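Reviewing the structure listed below.
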């Protein structure tokens, strides 16, 4: 998402209260941010979450916090990363809200259909730079919620270690490893990085 050379100036003018500069920034990014939000909304949630509403909220947050001095945009790339992060954060909050409890549309139809839909969506598109940045930011947020030992156990499982091998290397009980992995999965589900465990 490359920015024109004048975007940094527009940011500073907007910070000072220039409404025309704010409108130009909005016009410059709105379509790309709407597309980014839409990519994080499954077909089943498309009727419940409007990506344009999400992006309107993104700009309200951005402009409000910019004027309060909470955002410091050092260069053009900072603006891109900031808007992407706010957009992804707000979109995922909406997705998680609608997936929670009885609001979860996946409970209205089969879990298998949703899984295929999500898998095909990932496999049939090449990740753009914006999506890559968004995913890494989301992953970083997920990992930040884990304790050091939980991250270590997760990393070893990703590398292919069995529970028994982790037990030998870390000197902890296998029962604890199972508890850790259950907690990690719970965090991943809340973050939308894993489908909820089906209940019998």
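For this structure, a couple of remarks:
- Scanning segment 80-89 for residues that are crowded, with 18+ Cβ neighbours inside 10 Å and in contact with a helix residue (DSSP H, G or I) (Cβ under 7 Å, 6 or more places away or on another chain), we see that the one that is nearest to residue 22 (Cα to Cα) is 83.
- Boolean, residue 113 is surrounded by fewer than 17 Cβ atoms within 10 Å (Cβ to Cβ), modelled with pLDDT under 55 and touching a helix residue (DSSP H, G or I) at 6+ places or on another chain (Cβ under 9 Å): yes
- Checking 35, 22 one by one, the residue that is modelled with pLDDT of 85 or more, crowded, with 19+ Cβ neighbours inside 10 Å, assigned to a helix (DSSP H, G or I) and at negative phi is 22 and no other.
- Any hit, segment 44-59, residues being assigned to a loop (DSSP other than H, G, I, E, B), surrounded by fewer than 17 Cβ atoms within 10 Å (Cβ to Cβ) and in contact with a helix residue (DSSP H, G or I) (Cβ under 7 Å, 6 or more places away or on another chain): yes
The values are calculated or read from the model by the stated rules, or taken from the named source; none is laboratory data. All values derive from a computational prediction rather than experimental measurement. Note that each Cβ is placed from the backbone with ideal geometry, even for glycine, and that neighbours are counted across all protein chains shown.
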